[in-house]
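First the structure, in the form of structure tokens, and then the observations on it.
The values are calculated or read from the model by the stated rules, or taken from the named source; none is laboratory data. Since this is a predicted model, take the numbers as computed values, not measurements. Neighbour counts are summed over all protein chains in view; Cβ atoms, including those assigned to glycine, are modelled from backbone coordinates with ideal geometry.
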Ligand code: FES
Ligand SMILES: [Fe+2]
């Protein structure tokens, strides 16, 4: 990747897709299609739902809602990460309120059935009066879950046959260089956005940086992007003149830390960006479909390589406020207006230029996944969409 970047710097070129790609405007506004996306993408593929470091000790948990599905992540007694449908086996109440913490038991607020961190049903309130049931079959429903590169992946369908390696296409070997497993989670906030694909398009697009973000941070940032892909996952970087200096040294002396700049996206809904807040600060954005086709919710999690002191804490808080403002008032402000215009039927198509290869690839993958049934999914992941 670095060699390719340097070649682009020397030649003054960027990556270009073979042609301009048209995406029907209805892809962003059609409620039926949106439901199919939830079914075939969000409820079928493994999603990044958390971080290893927020589930550091046995009993640590995080309860969240993903595409309307209540999920509970926990660290079990044997140290492994577990994911469950956060739904009581008695009469379906949500067991753990959204949020995170540490607990030896999860007690349902409705009739006090309790579960342990392994999801086992360990107590039934007034069990003798309730009548005989087999507790061992009434634990929380487990979901497929994996820990990789400090990230927790889970699938929302308990019966999904997930081959995480096939899905990641080797991308985790790159993600590992961010070393999330030894970071500290230093903050989290939520931003409301337009249709999840309108929102996500912006994370694959450098074309807009010096224009839409000129007042906040983008005035001097070039709009040129290079895309590297592992299956549906993409890294977006800029041709970087600093590679010229690097190229004066032999390649085996190149420092990996200097080679991992850019935006690292994890299909279908995650973007990883690095900022300087008195030291390295990662913003990991997780996008989720909202209540309707025209809404999404973005959870921004902030991770730092070490636990911050008070001084650094202030810088991190200021950076978080800044980034919330940029995404809410620039990206999603604009995205919501795009949503409104397209919903009004103002255009039949949106265009993705040859310099927007990342958006082109993203939409091709979404289309392919909607058209692919479960049986053909492994083959699609093997062969890709190009
Ligand atoms: S629904 Fe959970 S204990 Fe009754
Ligand atoms: Fe942006």
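For segment 77-97, name all the residues that are surrounded by fewer than 17 Cβ atoms within 10 Å (Cβ to Cβ), more than 24 Å from residue 166 (Cα to Cα) and modelled with pLDDT of 95 or more. If the condition is that a residue be surrounded by fewer than 17 Cβ atoms within 10 Å (Cβ to Cβ), more than 24 Å from residue 166 (Cα to Cα) and modelled with pLDDT of 95 or more, then 78, 79, 91, 92, 93, 97 are the ones that fit.
Report whether or not residue 53 is within 13 Å of ligand 1 (Cβ to nearest atom), touching a helix residue (DSSP H, G or I) at 6+ places or on another chain (Cβ under 9 Å) and over 24 Å from residue 374 (Cβ atoms).
Working: within 13 Å of ligand 1 (Cβ to nearest atom): no; touching a helix residue (DSSP H, G or I) at 6+ places or on another chain (Cβ under 9 Å): yes; over 24 Å from residue 374 (Cβ atoms): yes.
No: the conditions fail for residue 53.
Taking segment 337-351 as the range and being within 30 Å of residue 228 (Cβ to Cβ) and part of a helix (DSSP H, G or I) as the test, the residues that pass are 338, 339, 342. Check whether at least one residue in segment 77-88 is within 10 Å of ligand 1 (Cβ to nearest atom) and either farther than 21 Å from residue 181 by Cα or in a loop (DSSP other than H, G, I, E, B) (or both), and report yes or no. Yes, there is a match, as at least one residue in segment 77-88 is within 10 Å of ligand 1 (Cβ to nearest atom) and either farther than 21 Å from residue 181 by Cα or in a loop (DSSP other than H, G, I, E, B) (or both).
Yes/no per residue for (1) modelled with pLDDT of 90 or more; (2) surrounded by fewer than 22 Cβ atoms within 10 Å (Cβ to Cβ); (3) within 13 Å of the chain's Cα centre (by Cα):
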| position | (1), (2), (3) |
| --- | --- |
| 259 | yes, yes, no |
| 275 | yes, yes, no |
| 286 | yes, yes, yes |
| 289 | yes, no, yes |
| 299 | yes, yes, yes |
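Looking across segment 113-143, the residues that are part of a helix (DSSP H, G or I) and touching a strand residue (DSSP E or B) at 6+ places or on another chain (Cβ under 9 Å) come down to 135, 136, 137. For residue 67, indicate whether it is away from ligand 1 (no atom under 16 Å from the Cβ), within 25 Å of the chain's Cα centre (by Cα), crowded, with 21+ Cβ neighbours inside 10 Å and more than 12 Å from residue 152 (Cβ to Cβ). Answer is no for this residue. Scanning segment 97-112 for residues that are part of a loop (DSSP other than H, G, I, E, B) and within 11 Å of ligand 1 (Cβ to nearest atom), we see that the one that is nearest to residue 53 (Cα to Cα) is 108. Looking at (1) within 20 Å of the chain's Cα centre (by Cα); (2) over 21 Å from residue 14 (Cβ atoms), find the lone condition where residue 338 falls short. Checking residue 338 against (1) within 20 Å of the chain's Cα centre (by Cα); (2) over 21 Å from residue 14 (Cβ atoms), the one that fails is (1).
Of all residues assigned to segment 209-224, none qualifies as being touching a strand residue (DSSP E or B) at 6+ places or on another chain (Cβ under 7 Å) and touching a residue at least 12 places away in the same chain (Cβ under 8 Å). Scan segment 302-335 for residues that are within 20 Å of the chain's Cα centre (by Cα), buried (at least 20 other Cβ atoms within 10 Å of the Cβ) and closer than 20 Å to residue 280 by Cα and jot them down. Matches in segment 302-335: 302, 303, 304, 320, 323, 327. Picking from residues in segment 319-330 that are farther than 15 Å from residue 275 by Cβ and touching a residue at least 24 places away in the same chain (Cβ under 8 Å), the one that is nearest to ligand 2 (Cβ to nearest atom) is 330. Each residue in segment 352-371 was checked for being farther than 19 Å from residue 230 by Cα and either surrounded by 20 or more Cβ atoms within 10 Å (Cβ to Cβ) or touching a residue at least 24 places away in the same chain (Cβ under 8 Å) (or both), and 4 of them qualify.
For residue 223, the criteria (1) within 16 Å of ligand 2 (Cβ to nearest atom); (2) closer than 19 Å to residue 300 by Cα; (3) surrounded by 15 or more Cβ atoms within 10 Å (Cβ to Cβ) hold in every case but one, which is (2).
Of all positions in segment 158-170, none carries a residue that is modelled with pLDDT of 95 or more, within 16 Å of ligand 2 (Cβ to nearest atom), within 28 Å of residue 2 (Cα to Cα) and surrounded by 15 or more Cβ atoms within 10 Å (Cβ to Cβ).
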